[in-house]
Amino acid sequence: MEQTKFILTERDTPTSWYNVQADLPKPLPPILHPGTKEPTILPPPLFPAAINEQEFSKERWIEIPEEVQSIYQLWRPTMLFRAHRLEKALDTPAKIFYKYEGTSPAGSHKLNTAVAQAYYAKKEGIKRIATETGAGQWGSALSMGCNFMGLECKVYMVKVSYNQKPYRRILMEVFGAKAVASPSQDTEIGRKILADDPECSGSLGIAISEAVEDAFGRDDTCYCLGSVLNHVLMHQTVIGLEVKKQLEMADAYPDLIIGCIGGGSNFAGVFLPFIPDKIQGKKVEIICVEPSACPTVTKGPYAWDFGDVAGMAPIALMYTLGHSFVPPPVHAGGLRYHGMAPIVCHLAKLGLVEARAEHQTAVFKSAVTFAQAEGIIPAPEPAHAIKVVMDEAIKCRESGEKKTILLALSGHGHFDLVAYDEYLSGRLQDYEFPREKMEQALAQLPKVDLPTG
């Protein structure tokens, strides 16, 4: 049998992040101040200066600080696997590879940027970080990053995930963070939402508003975001830079790269280092997968919108369902965001990536097949990508094409077994996309006198 694992040494771990802004055929649109609606930077009271510099940098390579590299070596480089058993189960001629980020101490890719952001906050004298989290992977990662750097951490966790995934909260608390269900009584925006809707299940947009309000209210606190922004996607490119070396070891190059998108960071970390190849004419198809209940790129308009519910965050040009949109409570909490990373949206608009949407019962069916074949229980988020990987592999079986497929497997599902129990017992349900809620939310988009094309 051909090799199954492709293992790099610590010497192969990237020492610089790749910044796709240096190679975009058309520059990214600016972000806008939520009040003046003029081009702006990230709010200085919230973000360290080094993060602001990275957000707008056009330098192709940004050096990774030695202290961050040292912590990365706790789990990096991660392995690339050839999914021989899954290929056999599907009886496909396709070659399936997956880059597995579930071996990080936090169980997902999120630690790649959490450590970096905590490092830059510490360098600028910050004592405390406030953030939000959906399914809990980002909150878990940032709590670890803050612990490594000696910082306090407050996490506003979307209420539906707070209730569905108590072990994520416990993991945060083990590393010294304080986690609360969002919307909470700890902020003005949280209290207002609960007064209007005491049963509100929460959303990432609400949790972001709470964390931003918290950070604005204290001089010792900055805010960190686990996805969406340019610097976050850049920090994740350590994944794609490693996988390019590993595919060379396998004497392979992907015809298809498939991953899930919620805010866009995990998948962008995999595919961004391949974008220069595609721009130069290399034939590689990049497929972003999102939940049918929150289909931001597949159903949302390309429009200017706030990054949060309260309208405190900057305005970005992105595919959006409207900043006040509250998605149905699907188990893939990390994919329940109303918008999408501007870089991912920009590349989709340029035709360099495409998007698909999937229902969660079919997603969990595919996840169980993957687990039984490969021995890894995937998180609900990357399970969306597994569904499309399997669809494409079956197409290869039917057509006889021998395509090479690369899967971004962003984390394990060990804390998501309640969701698997619901699927296995037949209680898991699909949610139809609430189009009327999107239309209500889109009616509240900010009025911006700038083009979207």
So, residue 376, is that one more than 30 Å from residue 43 (Cβ to Cβ), among the hydrophobic types (A, V, I, L, M, F, W, C), modelled with pLDDT of 95 or more and in a loop (DSSP other than H, G, I, E, B) or not?
yes
Just one of (1) more than 16 Å from residue 209 (Cβ to Cβ); (2) free of Cβ contacts under 8 Å to residues at least 12 places away in the same chain trips up residue 148, so point out which.
(2)
When you look at residue 339, is it at pLDDT 95 or above and in a loop (DSSP other than H, G, I, E, B), yes or no?
yes
Meets criteria (within 30 Å of residue 447 (Cβ to Cβ), part of a helix (DSSP H, G or I) and touching a residue at least 60 places away in the same chain (Cβ under 8 Å)) for residue 87:
no
Starting from the stretch 167-187, take each residue that is free of Cβ contacts under 8 Å to residues at least 24 places away in the same chain and under 10 Å from residue 156 (Cα atoms) and list its partners that are crowded, with 21+ Cβ neighbours inside 10 Å and acidic (Asp, Glu), counting only C-beta distances under 7 angstrom and pairs at least six apart or across chains.
none
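In the stretch 249-270, what count of residues is obtained for those that are part of a helix (DSSP H, G or I) and farther than 14 Å from residue 340 by Cβ? It would help to see each step written out before you state the result.
Here is the first cut: in the stretch 249-270, the ones part of a helix (DSSP H, G or I) are 249, 265-270.
After this cut, where a residue has to be farther than 14 Å from residue 340 by Cβ as well, the list is 249, 269-270.
Matching residues across the stretch 249-270 total 3.
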Checking 417, 450, 424, 445 in turn, the sole residue that is surrounded by 14 or more Cβ atoms within 10 Å (Cβ to Cβ) and not polar (S, T, N, Q) turns out to be 445
Can you tell me which residue among 110, 58, 99 is more than 23 Å from residue 176 (Cα to Cα), crowded, with 24+ Cβ neighbours inside 10 Å and touching a helix residue (DSSP H, G or I) at 6+ places or on another chain (Cβ under 7 Å)?
99
Unique residue being β-branched (Val, Ile, Thr), more than 22 Å from residue 320 (Cβ to Cβ) and surrounded by fewer than 23 Cβ atoms within 10 Å (Cβ to Cβ) when the list is 221, 187
221
Counting only residues that are more than 24 Å from residue 136 (Cβ to Cβ) and of a type in the set (S, T, N, Q), which one in the stretch 235-281 is surrounded by the most Cβ atoms within 10 Å (Cβ to Cβ)?
246
Residue by residue through the stretch 294-334, note down the ones that are at pLDDT 95 or above, among the aliphatic types (A, V, I, L, M) and closer than 18 Å to residue 360 by Cβ.
297, 321
Residue among 66, 38, 53 that is without any contact (Cβ under 8 Å) to a residue 60 or more places away in the chain, over 21 Å from residue 270 (Cα atoms) and within 22 Å of the chain's Cα centre (by Cα):
53
Select, from 290, 285, the only residue that is surrounded by fewer than 24 Cβ atoms within 10 Å (Cβ to Cβ) and more than 18 Å from residue 208 (Cβ to Cβ).
285
If you scan the stretch 212-245, which residues turn out to be farther than 29 Å from residue 271 by Cα and assigned to a helix (DSSP H, G or I)?
212, 213, 214, 215, 216
Residue count, the stretch 346-365 (criterion: surrounded by 24 or more Cβ atoms within 10 Å (Cβ to Cβ), within 22 Å of residue 329 (Cβ to Cβ) and either free of Cβ contacts under 8 Å to residues at least 60 places away in the same chain or of a type in the set (A, V, I, L, M, F, W, C) (or both)):
2
Taking the options 83, 130, 89, 118, name whichever one is surrounded by 23 or more Cβ atoms within 10 Å (Cβ to Cβ), of a type outside the set (Ser, Thr, Tyr) and closer than 21 Å to residue 380 by Cβ.
83
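Got a number for residues in the stretch 271-286 being assigned to a helix (DSSP H, G or I) and either basic (Lys, Arg) or touching a residue at least 12 places away in the same chain (Cβ under 8 Å) (or both)? It would help to see each step written out before you state the result.
Applying the first criterion (assigned to a helix (DSSP H, G or I)) to the stretch 271-286 yields 271-279.
Still in the list and also either basic (Lys, Arg) or touching a residue at least 12 places away in the same chain (Cβ under 8 Å) (or both): 271-276, 278-279.
Of the residues in that region, 8 qualify.
In the set 404, 361, 452, which member is of a type outside the set (D, E, K, R) and outside the structural domain of residue 100 (by TED's automatic domain parsing)?
Values: 404 fails: outside the structural domain of residue 100 (by TED's automatic domain parsing); 361 fails: outside the structural domain of residue 100 (by TED's automatic domain parsing).
Only one candidate qualifies: 452.
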The stretch 369-381: number of residues that are within 19 Å of residue 107 (Cβ to Cβ), surrounded by fewer than 24 Cβ atoms within 10 Å (Cβ to Cβ) and out of contact with any Pro (no Cβ under 8 Å at 6 or more places or on another chain)
4
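Condition test on residue 170, is it surrounded by 20 or more Cβ atoms within 10 Å (Cβ to Cβ), assigned to a helix (DSSP H, G or I) and not basic (Lys, Arg)?
Details: surrounded by 20 or more Cβ atoms within 10 Å (Cβ to Cβ): no; assigned to a helix (DSSP H, G or I): yes; not basic (Lys, Arg): yes.
Taking the combined requirement at face value, the residue does not satisfy it.
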With respect to the numbered conditions (1) modelled with pLDDT of 95 or more; (2) part of a helix (DSSP H, G or I), which one is the sole condition not fulfilled by residue 161?
(1)
Of all residues being assigned to a helix (DSSP H, G or I) and of a type in the set (S, T, N, Q) in the stretch 387-440, which is farthest from residue 257 (Cα to Cα)? Just the residue, please.
440
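The values are calculated or read from the model by the stated rules, or taken from the named source; none is laboratory data. On a predicted model such as this, the values are computed, not experimentally measured, just so you know. Note that we place each Cβ from the backbone using ideal geometry, even for glycine, and neighbour counts take in every protein chain shown.
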